[in-house]
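Engineer: If you scroll down you'll find the structure; I have some questions about it.
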Ligand SMILES: [Zn+2]
């Protein structure tokens, strides 16, 4: 195992120190460290953060390996500064059994670039009819703690209630894709002034908010743990604030694209901007940023959703929803949260590493813990970021198998220079090591 | 003029007036001629790319192109490679390779002509996309109003019916506003889009209140099946509240006209005696459609003085 001596890095953007990584852990943190055996990484001017943790990706394997594989998605994740990613269950076959989640988990281990943490489906086949064997997935080698029918909403209130209750037995959490399906039939974009003009069927904010309102009441009633995926509206932030104030065990995530982009992007009818939930208004974007800043929204999660060219290079209505996110997530957070002063680097680390790891119950796994602070004795999961670097996003240069980046041609700040997973470099000089 | 005609907003007041004036010139030039043909677009190729069945619109464009001496290719999505899964982009590149100068496209997906316009070098004319726009319909409607009433500025137009799902309404709202008309939308609230407040129009739920103050009443087609999704309780109730029948027509000003883009649901949004009355411009609209589409093709392909 390589020993690394990282010199001159600024943990959380604070005073520069050296970090010695050995045997998978951060062995020492301090000024003027030296180690004859160590490979030196000059991190002068770079910010060090704990390895990022993503609660929400679609790695498409098994089933759509033409769009992404666990390996290519893992590489994109490492290049984005992540050391752990949750892989959503809407694969083919659906990850609704111990067998499938273990397969995904093994593929992640083989790729060895990030910890791939499978999410288990809440219901059999994501059909919203009866519970999948949640306990078997929890007890499997994949050790599933996050359960989600993402892509579909668990819209049946009785089923949602039972899921929230049942997962308490193994400290699980139900991650809800909040979308009342009867209110979003055929929906293509945010319902408002622009959908009216563009003639695209509207996806009303109320369809998200109605489910969140219902689910926080259910979670409060049964004492279960609810996580709300990709919160997209100002009203949702209000509801979450209210529920948290009442002591409901609810957490929430926001995607980078909902922090940066608005429904204005639909004007071109370019489906690269089609996503579910849809891009909302400027007022929503500001409410989401504020919610993330004050902690009402706990985490940034990418909802990285690779799609093959033919599924995006089409009419808007025919295209699949979803966009890439892993490699630009940190840059978007730097632009939308750090640079305006809404979060400092400690805040960024909290929302992109510590809190998502806590939600996924990844922080107490000993040497395999994620989301731990940068301190001696902790697992050596960390990322080195050059905050001064700015570059224009080129989809062709991304590690993902797909090219559906909504940031194409956009200049964004920040560059991931190096990522370490348990002391081993997965990214050096901005390039994946394998 | 811009290279494409995708939506009413592509036309500023000068462009829109130029199209109407050109249509009028064409009408004059062809009036009384036995061979209704101009040599203007000889050697140019116009493709009618229709993903939706619309015989009347396709024939109108076909006639327009042929009267300008263009070569016309009708490319129907039904029974072609398109129905076998060929993408819009591949179809576009194929037509491009065949040397099409203009593609007239009708598609069930809003925005399909905008996508097409990014993939081809020639002009794209939107012949109706989903629930978005149908700009040549709005042009022919404006042309019809101007011929009947002599002006557009200040003309009070009521557009009545299923605005939510109507590309005709969207194009008319944009174009009539550009040309200085005053538009009032009349519909049950369920058939108006959320966001209609940002449109340059007045909105009313009460047809009887609007009719006496209208110079033009434009009735939109309403599908009775909308009642299955609770947009209104029944066809009968819709017709009673928003249908234009003879008693309602009687309250209109003397020179007010009644329009309909067709095809009509007689007895639903419009009564037979209204459709067949002297106020009705419905047949005239069809004829004007050919002239306006000739003007559009001529200006986009041949007669653009700024090209
Ligand atoms: Zn989702």
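Engineer: What relative contact order, as a whole-number percentage, does the stretch A:285-344 give when Cα pairs under 8 Å and 6 or more residues apart are counted?
Structural biologist: Value for the stretch A:285-344: 35 percent.
Engineer: Name the shape class, rounded, prolate or oblate, that the alpha-carbon gyration tensor gives for the protein assembly as shown, where a ≥ b ≥ c are the square roots of its eigenvalues, rounded holds for a/c under 1.5, and otherwise prolate holds if a/b is larger than b/c and oblate otherwise.
Structural biologist: Note, shape of the protein assembly as shown comes out prolate.
Engineer: While we're here: Taking each residue of A:267-279 in turn, how many C-beta atoms of other protein chains fall within 10 Å of its C-beta, and what is the average?
Structural biologist: Taking the mean over all residues of the peptide, I get 2.
Engineer: Sticking with this one: For chain B, what relative contact order do you get, as a whole percent, if you take Cα pairs closer than 8 Å and at least 6 residues apart?
Structural biologist: Relative contact order here is 20 percent.
Engineer: Compute the orientation-averaged projected area for chain B from the convex hull of its Cα atoms and round it to one decimal in nm².
Structural biologist: 15.9 nm²
Engineer: For helix A:70-79, report the angle its Cα long axis makes with the longest principal axis of the Cα atoms of chain A; keep it between 0 and 90° and round to the nearest 10°.
Structural biologist: 60 degrees
Engineer: Per-residue ellipticity at 222 nm for the protein assembly as shown, helices alone: DSSP H runs ≥ 4 residues times -39500 (n - 2.57), over residue total, nearest 500 deg cm²/dmol?
Structural biologist: Numbers: 23 runs with 222 residues, N = 741.
That comes out to -8500 deg cm²/dmol.
Engineer: May I pose another question? In terms of the Cα gyration tensor, with a ≥ b ≥ c the square roots of its eigenvalues, is the stretch A:51-368 rounded because a/c is under 1.5, prolate because a/b exceeds b/c, or oblate?
Structural biologist: Details: a/c = 1.23, a/b = 1.17, b/c = 1.05.
Taking the square roots of the gyration eigenvalues as a ≥ b ≥ c, the stretch A:51-368 is rounded.
Engineer: Okay, next question. Based on the alpha-carbon gyration tensor of the stretch B:135-281 and its eigenvalue square roots a ≥ b ≥ c, which shape applies: rounded if a/c is under 1.5, prolate if not and a/b is larger than b/c, or oblate?
Structural biologist: In terms of gyration-tensor shape, oblate.
Engineer: By count of other Cβ within 10 Å, fewest leading, how are A:1, B:294 ordered?
Structural biologist: With the fewest neighbours first, A:1, B:294 line up as A:1, B:294.
Engineer: Which whole-number percentage describes the relative contact order of the stretch B:135-281, with Cα contacts under 8 Å and a sequence gap of 6 or more?
Structural biologist: 23 percent
Engineer: Take every DSSP beta bridge whose two residues both sit in chain A, then give the antiparallel share in percent to the nearest 5.
Structural biologist: In chain A, approximately 50 percent of DSSP beta bridges are antiparallel ones.
Engineer: Mind giving me the FRET efficiency for residue A:16 and residue A:368? R0 is 35 Å, r the Cβ-Cβ distance, nearest 0.05 is fine.
Structural biologist: Efficiency for this residue pair is about 0.75.
Engineer: Pick out which of A:374, A:259, A:365 has the largest mean-square fluctuation in a Gaussian network model of chain A, springs linking Cα atoms closer than 10 Å.
Structural biologist: Sorting by GNM fluctuation, first place goes to A:365.
Engineer: Moving to a separate point now. Listing B:227, A:137 from the residue with the fewest other Cβ atoms within 10 Å to the one with the most, what is the order? Don't jump to the answer; show the numbers that get you there.
Structural biologist: Numbers: B:227 16, A:137 28.
Lowest to highest Cβ neighbour count: B:227, A:137.
Engineer: Got a sec? How would B:89, B:37 order by Cβ neighbour count within 10 Å, fewest to most?
Structural biologist: B:37, B:89
Rule-based calculations on the coordinates, nothing more; no lab input. Values in this document were obtained by computation on a predicted structure and should not be read as measured data. No Cβ is skipped: glycine too gets one built from the backbone with ideal geometry, and neighbour counts run over all protein chains shown.
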